[in-house]
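Comments concern the structure below.
The values are calculated or read from the model by the stated rules, or taken from the named source; none is laboratory data. Just so we're clear, the structure is a prediction, and the values are computed from it rather than from any experiment. Note: ideal-geometry Cβ built from the backbone for every residue, glycine included; neighbour counts use all protein chains shown. Remember, those area values only see protein heavy atoms, side chains included, never the ligands or the DNA or RNA. Shrake-Rupley method; radii C 1.70, N 1.55, O 1.52, S 1.80 Å.
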Amino acid sequence: MSDLCGVFAVIGSSQAAAELYIALTHQQHRGQDAAGIATSNSSGKLNILREKGLAVDIFTEDSIKALDGCMGIAHNRYPTAGYGDIKECQPFFTDNNGIGIAFNGNIINYPFLKAQMEKEGRTFISNSDGELLLYVFSDAYTEKGFFQAVRAVQEKLTGGYSAVGVIEGKGIFAFKDPNGIRPLLFGKRGNKSETSYAFASESIALSIEGYNQIRDLKNGEAVFIDKNLGVQSETTMAKQHKPCVFEFVYFSAVESKLEGKSIYEVRRRLGQALASKVRKHWPELEIDVVIPVPDTSRPAADSIAKSLGIPYEEGLVKNRYIGRTFIMPTQKIRENALKLKLKPIESVIRGKNVMVVDDSIVRGTTSKRIVQLLRDFGAKKVYLLSTFPPIRNPCLYGIDFTNEKELIAGSKTIAEIEREIGADKLIYMDTEDLKEAVGLESTCTACITGEYPTETGHAKEMQEQRQRDYQKIATR
Ligand code: SF4
């Protein structure tokens, strides 16, 4: 139903489809279930190709050539939303006014609004909130134009979201929710012969394609770029700025920048904060080696090792042909994938007291298996460090932990979790240290603190709907 994804949009490029395809490959870590591209030239119809699978498997040279036009949008889909079939693949589009939309986030009041719109006669083809956002936008756009359409979305829909879109023959657009929870960046690339603009979920997708004037969209900001490259921007509805703190720790690529902060540097600072905590509270710990759980926690593990003066080694090797465990659609698939995912290097581990650093602990499944794996391969002691504080509350904004019952820290103390996963010591990041390492004035930390930046009415219905989606996927 919701989608935590990667989105990209471009206008003014003679190679729009190729650029969109390259962006999909650079944002593939944000969703591996499906990918899609919609393009338009300045007079034509939307050309759309969307399929389940990885971008490299979906698109060929010929299919990219067939996606004609100088403007377009692309979408990487995260596999937890809806029932996971082709109808859920984005971009979504309307036939009547040629609008395509690619959406990233979660709409909390989706089931309520969907039921209301169905009563009024609207037919939905999917169980994705991106489709609902498209219809709310499209209806208002026909009557009142672009900025009023964004305002209609921001007034009606509660949640955390970013969207990019294309209006056939007219231009591209992008907007964020009033709190700016989900990321979206804007870039310009220019030389004498060609200027293009693009929007992306991650800065790396822009900078790698030569976009050099890059900024984050503000919370509640909407931007429209017409076919003659006229840029209009307006903050249509702004509340307190609350970018997702989990993006810095886990979701965004380490080579990206978000809200002006290097993800890599933030993760190094997380490591320094954890090292200080270890020095202060557990100076007696005997640690022979620090290893990361690849790949996300590498910068943190390296800076912990340096700060503590302990060797850093690669003790676990990732099977590159298996996707991120966390974004597998069901617990069963996650568990099976995990068995094949990490392989230990015995000479690094055997006979040692191992400090293993992971980005976060959600359900505890991964941590338990890692601790066991390290013991199986001869670790004397296993100390587990998490660069994110205990996740005690569900995320209502698109990250895949909507169900509090699944969260190991939702009902257990740190001592109980330590016992459950079998670690000799479990050390979590402190919330204040996390905020300091990220270095922004304000962020969303609702999954840690329970303080949600938006209204949460209808959250229960949304969580129940999500559970039904999971079960449906699990029984496929
Ligand atoms: S609840 Fe947590 S994961 Fe969800 S948007 Fe807020 S910080 Fe990010």
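Overview of results
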quantity	calculated
Among Tyr161, Thr365, Ile125 - extreme Cα towards positive end, dipole of the chain, charges at beta-carbon	Thr365
Rounded accessible area per residue of segment 6-242, 1.4 Å, Å²	35 Å²
Ranked packing of 356-366, 296-306, 115-125, most packed first, by mean Cβ within 10 Å	296-306, 356-366, 115-125
Shape of segment 206-245, Cα gyration tensor, a/c cut at 1.5	oblate
Size of charge dipole - segment 107-229 - debye, nearest 20, with Cβ of Lys, Arg +1 and Asp, Glu -1, no other charges	280 debye
The chain: relative contact order as a whole-number percent, Cα under 8 Å and 6+ apart	15 percent
Sites Thr25 and Lys218 - FRET efficiency at Förster radius 30 Å, r taken between beta-carbons, to 0.05	0.60
Cβ-Cβ FRET estimate between Ser276 and Glu420, R0 fixed at 25 Å, reported to 0.05	0.40
Cα-derived Rg over Rh, computed across the chain with Rh taken as Kirkwood radius	0.98
Principal-axis tilt of helix 129-144 within the chain, Cα atoms, nearest 10 degrees	30 degrees
Selected from Ile214, Pro183, Gly315, residue furthest toward positive end of dipole (the chain; charges at beta carbon)	Gly315
Rounded to 10°, Cα long-axis angle of helix 365-376 versus longest principal axis of the chain	40 degrees
Difference of contour (0.36 nm per residue) and Cα-Cα distance, Lys405 to Thr456	16.6 nm
Simple label model, 7 Å out from Cα along Cβ direction - Asp68 to Glu432, nm	6.3 nm
Charge dipole (the chain, unit charges on Cβ, about Cα centre) - positive-most of Leu49, Leu440, Ala198	Leu440
In Hz, Karplus ³J(HN,Hα) per residue of segment 273-281 (6.51, -1.76, 1.60; θ = phi - 60°; x = Gly, Pro)	5, 5, 4, 4, 5, 4, 4, 6, 9
Dipole moment magnitude, nearest 20 debye, the chain about Cα centre, only Lys, Arg, Asp, Glu C-beta charged	780 debye
Tyr264-Gln148 pseudo-label distance in nm [points 7 Å out on the Cα-to-Cβ vector]	4.8 nm
Around Ala446: net Lys/Arg minus Asp/Glu count, Cβ-Cβ under 13 Å	-1
Carbon and sulfur %, accessible surface of the chain computed with the full protein complex present, 1.4 Å	48 percent
